[in-house]
Amino acid sequence: LNSLEHSNLVNRSYGKAHIIDESRQEFSFQQRSQVNRPLKQKIAQAALAYLTDISSFYVDGSTTATEVLKILPSGRTYTVFTNSFEALKLLSEKPWIRTYAIGGFLGKDHNTFDDDTTIDIVKQIYVDATITSCSGFSQNGIFNDGITGTQIKRIMLANSAQNLI
């Protein structure tokens, strides 16, 4: 790790090492929300059909999952758990939705709360459904760019009766 750090290939912090990849540019939530938006809206419409017989769900900070929140029907009450700043803003405009903000430190993406505190909180939450995205998946489960965010998603998927990815 020392050699990798001196070569500017990783950043080290207590108990962790993060790969430095300057070729990957981070886009803001607003920028990402515009990419493939019509497809995200179609996915949201399809997901809505799975939310008819549930009362609680977790939604992550992805732009696709956020599209689901935009079209939640006003005649249906839900309890929604989220660690997404954008989702909290959307849900605050829907008084028929009971919203639980999963806290922690605001992440580098300026949209999600992803730290060890968040992990401790989500271990105690059980929901009817989880709506999440991921960078990829294998037979071992989903994965994402961030270690903490991936852990949160995996915990919520395990603590959910139904999963929408």
Only one of (1) over 13 Å from the mean Cα position of the chain (by Cα); (2) small (Gly, Ala, Ser); (3) within 16 Å of Ser160 (Cβ to Cβ) fails for Ser133. Which number is that? (1)
Anything in the range 132-160 that is surrounded by fewer than 17 Cβ atoms within 10 Å (Cβ to Cβ), touching a Ser or Thr at 6+ places or on another chain (Cβ under 7 Å) and either hydroxyl-bearing (Ser, Thr, Tyr) or in a loop (DSSP other than H, G, I, E, B) (or both)? List them, or say none. Asp145
How many residues are at pLDDT 75 or above, of a type in the set (S, T, N, Q) and surrounded by 13 or more Cβ atoms within 10 Å (Cβ to Cβ) if we restrict to the range 2-57? 4
Working only within the range 89-106, note down all residues that are over 23 Å from Asp53 (Cα atoms), hydrophobic (A, V, I, L, M, F, W, C) and within 14 Å of the chain's Cα centre (by Cα). Ile102, Leu106
Candidate set: the range 107-121, residues that are among the charged types (D, E, K, R) and modelled with pLDDT under 85; chosen: the one nearest to the chain's Cα centre (by Cα): Asp109
Kindly indicate the residue of the range 86-131 that is polar (S, T, N, Q) and in a helix (DSSP H, G or I) and also surrounded by the fewest Cβ atoms within 10 Å (Cβ to Cβ) among those meeting that condition. Thr117
For the range 142-165, pairs from a residue that is without any contact (Cβ under 8 Å) to a residue 24 or more places away in the chain to a residue that is among the aromatic types (Phe, Trp, Tyr), with Cβ under 9 Å and 6 or more apart or across chains, are Phe143/Phe137; Thr150/Phe143; Arg154/Phe143
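The values are calculated or read from the model by the stated rules, or taken from the named source; none is laboratory data. Everything quoted here is computed from the prediction, not taken from an experiment. All Cβ positions, glycine included, derive from the backbone under ideal geometry; neighbour counts span all protein chains shown.
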